[in-house]
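What follows draws every value from the coordinates through simple rules; no lab data is involved. Computed from a predicted structure; not experimentally measured. When we count neighbours, we look across all protein chains shown, and the Cβ atoms used for this are built from the backbone with ideal geometry, even at glycine.
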Amino acid sequence: MIKPPTILTRRSVFRAGTGLAVAAMGTPLLTPASALAEGVRQAGAEPLNGDGFYRFKIGDFQATVISDGYGQIPIRPILAMNASEAELAPVLKANFMQPVIQITNNILVVDTGRERILVDSGFGEKLGPSFGSFPGLEANLGRAGIAPESIDLVVTSHGHLDHIGGLVTKSGALAFPKAQFVFVDTEWNYWTGSRYESEVNSSPMPDGFKKGTIEAARDLPQIASRSRFVKQGGEITSGVHYIAAPGHSPSHATILFASGKEQLMHMGDIAHHPVTSLQRPNWSPIFDYDPAQAIKSRKSILNRVATDRVMAMGYHFPFPGIGHVVRREAAYHWEATPWIW
Ligand SMILES: [Zn+2]
C-alpha cells in the first residue's frame, strides 16, 4: 500500500515562502531569491482560478468575495497551538490534509442599494510575498470592476494585521479614499491605546505578524477623523450589525447582514479553518488574545448560525468561504455552498 506523503518538503514550504510560515517554523526569516522568484511567478503570471472574485446574493444585497492572495502556514502551532502531534495526525488523515496548508483572506464587498460596504482590508503591503499581493485585494477588486473610490464604508471586524493592513498604502495614502471607516469602539480604543504594543510583542504570534500588526495599528490615527465607532452588538447601517464575539482580540466582532428573509454571518476570525476550527472548536490558533473567551465566542457563533441555518462566511476558509455550519455531536461540520457560475 502506498502511503500518501504527510510531510511537505522544506523546499515546498520555502516555495510558498511567507514570513508567517517561515518564522513560525523556527527557520530564519530568509527566503532564497530563486524560491521567492518562483513563488512570485507562480502567483502572478497566470490568472487565478475564478479570477479572484465571486458574486452571490444576500436577499436583495449584491455580495462579492474578493481574494486578498494566499500563503502557506503550518497547522501546528498556527491554527492549533494547544493540540499535540498525536491529536492532530488522525484529524489530518481523516480530512485528507497536509500539515502545511494554503490559507487565504476573503474580503467581502456588499452593495446594499444604498451604499457599498467592504469588510476588512487584508494585509495590504505589510506582509507579502503572496499574502496581500500577486495579486491581492487591489488587483482583484479591479478584476471584479470595483473601484477603491466606490467603497462608501469599510467595516472592520478586529485590529489584526490581516484585517486592517490594507487601509493605508505603503506611501501613506488611504486605499479607499472616499470611505468612512467603522470600528467597534472598544476595539479601536485598544489598538490606538498604550497596551497593544507590549501585548503583541509578548504574544506567541510569529515575529513578522507582530511587526506588521504594530505597523498597521500605527496607521489608525490617520483615519480617526473619518471613522465612526459602534458599540458591540450595535447597528452599523440598516440591515448590518456587529455581533459581539470577543476573545480572538479584545473586542473582536462578527458582522451580520440581513436582507429580506436572507442573512449572512461574516464570522470574522472566530473560525480560521473548516476542519481545525469546526471539527475541533477547542483548538486555539496562536492569534487568540484570550483563548478561553475565544473558544466561548467560537461556539456561540457556530451554534447560532447552525441553529438558525444562516449562511456564513469564513474570512480564512478556502475561497470564497461561503457555506453553512452543521452541528455534529459536540462539534461542527462545514458545508461549502456550491460554486454558482
Ligand atoms: Zn485573520
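Would you mind ranking Met311, Met81 by Cβ crowding within 10 Å, fewest neighbours first? Working shown, then result.
Numbers: Met311 20, Met81 15.
The most exposed by this proxy come first: Met81, Met311.
Show which lysines lie in cross-link reach of Lys231 when reach means a straight Cα distance below 23 angstrom and same-chain residues fewer than eight apart are skipped.
Filter leaves Lys296, Lys299.
Within a 10 angstrom radius of the beta carbon, how do Tyr196, Tyr315 rank from fewest other beta carbons to most?
Lowest to highest Cβ neighbour count: Tyr196, Tyr315.
Pull up the cross-link candidates among the lysines for Lys211, meaning alpha carbon to alpha carbon under 25 Å and not fewer than 8 places away within one chain.
Result set, ordered by chain and number: Lys126, Lys170.
Could you work out the relative contact order of segment 146-190, using alpha carbon pairs under 8 angstrom and six or more residues apart, expressed as a whole percent? Can you show the working numbers first?
Numbers: 48 pairs, mean separation 22.6, N = 45.
It comes to 50 percent, rounded to a whole number.
Order the peptides 321-329, 174-182, 83-91 from the highest to the lowest mean number of other Cβ atoms within 10 Å of their residues. If you can, show how the numbers build up before the last one.
On the way: 321-329: 17.0, 174-182: 18.8, 83-91: 12.8.
Result, highest mean first: 174-182, 321-329, 83-91.
Once fully extended, how much extra length lies between Asn282 and Thr169, figured as 0.36 nm per residue of separation less the alpha-carbon to alpha-carbon distance?
37.1 nm
So who's got an amide H within less than 5 Å of the one on Ile101, skipping anything under 5 residues away but keeping other chains? H placed 1.01 Å off N, in plane.
Result for Ile101 returns Ile73, Ile75.
Run the numbers for Asp185 and Ala330: contour at 0.36 nm per residue of separation, minus the present Cα-Cα distance, in nm.
Net length gain for the segment: 48.8 nm.
When a footprinting reagent is the concern and you count Cβ atoms within 10 Å, what order do Tyr289, Tyr242 take, fewest first? Can you show the working numbers first?
Details: Tyr289 20, Tyr242 25.
Ordered from fewest to most neighbouring Cβ atoms within 10 Å, Tyr289, Tyr242 come out as Tyr289, Tyr242.
What nm distance separates the two modelled labels at Gln62 and Glu199, each placed 7 Å from Cα along Cα→Cβ?
In this crude spin-label approximation the distance works out to 4.0 nm.
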